[in-house]
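Written below as structure tokens is the structure these notes are about.
The values are calculated or read from the model by the stated rules, or taken from the named source; none is laboratory data. Predicted model only: the values in this text are computed from it and were never measured. Cβ sites come from the backbone with ideal geometry, for glycine too, and all protein chains shown count toward neighbours.
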Ligand code: PGA
């Protein structure tokens, strides 16, 4: 399985001009064969312009709402995203869970809606407290992805990407440090086992990423782990040189 690198820009940069400059700096330097291993998640309002200007880049949204239309002030639908050429979505990021009231139940509704509309969906799970046990992570994971129907010929699971992100490892949190790669490899191994119990052999097409303070210096150590299929990168994706170095790491570990 080739490694996947997702850049989550969060609430950055400040202007469309800066967003175009960042996308441009990545786009001019990324090796053409690595485009399909890279996804960028800018803020909603920049997406349309970026998707139009940089067609080779796979673009995604950081969130969306599961209904198609109606009285849902402030929300964005999957149909609107599809209409502007966006094919990927992130759901359940810990910042949305902690600050904006997302629960496993709302995350699950979004996962099912996105898969049913043929989006690739990255679902983030991870413990909020350092001493939360593995059971907490696995239970949240199972609830977040429950109810996916395996329908031949396409099971949909190849469109599902899971990002394991321990909150205490996210770079903007006080005292954050990247997780020990062997530890996150072990947790992801447990998540893969849980997915196998839910979906059998088909679960092998789900990709599992690690996220939390990934940078150019530590990416190789994490990506070399057998269970880790890629990285969800926050802060380091805002610096094109740093991000390109992470992308280039995939070539040496795939
Ligand atoms: P970080 O963010 O790489 O800045 O730690 C990761 C994330 O929150 O997705």
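Checking the structure you have, find out if any residue of the stretch 240-254 is surrounded by fewer than 20 Cβ atoms within 10 Å (Cβ to Cβ), assigned to a loop (DSSP other than H, G, I, E, B) and at pLDDT below 95.
yes
Give the number of residues within the stretch 220-239 that are closer than 18 Å to residue 250 by Cβ and within 15 Å of the ligand (Cβ to nearest atom). Spell out the reasoning first.
So in the stretch 220-239, the residues closer than 18 Å to residue 250 by Cβ come out as 220-234, 236-237, 239.
Add one more test, that the residue is within 15 Å of the ligand (Cβ to nearest atom), and what stays is 221-223, 228, 230-234, 236-237, 239.
Total meeting the criteria: 12.
Restricting to the stretch 161-196, name every residue that is over 18 Å from residue 230 (Cβ atoms), away from the ligand (no atom under 13 Å from the Cβ) and under 17 Å from the mean Cα position of the chain (by Cα).
none
Would you check if there is a residue in the stretch 54-68 being more than 18 Å from the chain's Cα centre (by Cα) and in a helix (DSSP H, G or I)?
no
Among the residues of the stretch 224-239, which ones are crowded, with 24+ Cβ neighbours inside 10 Å and more than 15 Å from residue 9 (Cβ to Cβ)?
230
What are the residues in the stretch 116-125 that are on the phi < 0 side of the Ramachandran plot and part of a loop (DSSP other than H, G, I, E, B), if any?
Passing the criteria: 117, 119.
It is to be established whether one or more residues within the stretch 9-25 are closer than 21 Å to residue 162 by Cα, touching a residue at least 40 places away in the same chain (Cβ under 8 Å) and not in a loop (DSSP other than H, G, I, E, B).
In the first step, residues of the stretch 9-25 are kept if they are closer than 21 Å to residue 162 by Cα; the result is 9-10.
After this cut, where a residue has to be touching a residue at least 40 places away in the same chain (Cβ under 8 Å) as well, the list is 9-10.
Filter again for not in a loop (DSSP other than H, G, I, E, B), leaving none.
Taking every residue of the stretch 9-25 in turn, none turns out to be closer than 21 Å to residue 162 by Cα, touching a residue at least 40 places away in the same chain (Cβ under 8 Å) and not in a loop (DSSP other than H, G, I, E, B).
Quick one: in the stretch 26-52, which of the residues that are within 16 Å of the ligand (Cβ to nearest atom) and without any contact (Cβ under 8 Å) to a residue 40 or more places away in the chain is farthest from residue 206 (Cα to Cα)?
Residue satisfying both the conditions and the ranking: 43.
Please indicate, with yes or no, whether at least one residue in the stretch 202-219 is within 16 Å of the ligand (Cβ to nearest atom) and in a helix (DSSP H, G or I).
Yes, the stretch 202-219 has at least one match.
Restricting attention to the stretch 83-107, which residues are free of Cβ contacts under 8 Å to residues at least 12 places away in the same chain, under 22 Å from residue 173 (Cβ atoms) and away from the ligand (no atom under 16 Å from the Cβ)?
Once the filter is applied, which keeps residues that are free of Cβ contacts under 8 Å to residues at least 12 places away in the same chain, under 22 Å from residue 173 (Cβ atoms) and away from the ligand (no atom under 16 Å from the Cβ), the stretch 83-107 yields 101, 103.
Could you pull out the residue among 148, 137 that is surrounded by 13 or more Cβ atoms within 10 Å (Cβ to Cβ), part of a helix (DSSP H, G or I) and touching a helix residue (DSSP H, G or I) at 6+ places or on another chain (Cβ under 7 Å)? Talk me through it step by step, then tell me what you get.
On the way: 148 fails: part of a helix (DSSP H, G or I).
Sole residue among the options that is surrounded by 13 or more Cβ atoms within 10 Å (Cβ to Cβ), part of a helix (DSSP H, G or I) and touching a helix residue (DSSP H, G or I) at 6+ places or on another chain (Cβ under 7 Å): 137.
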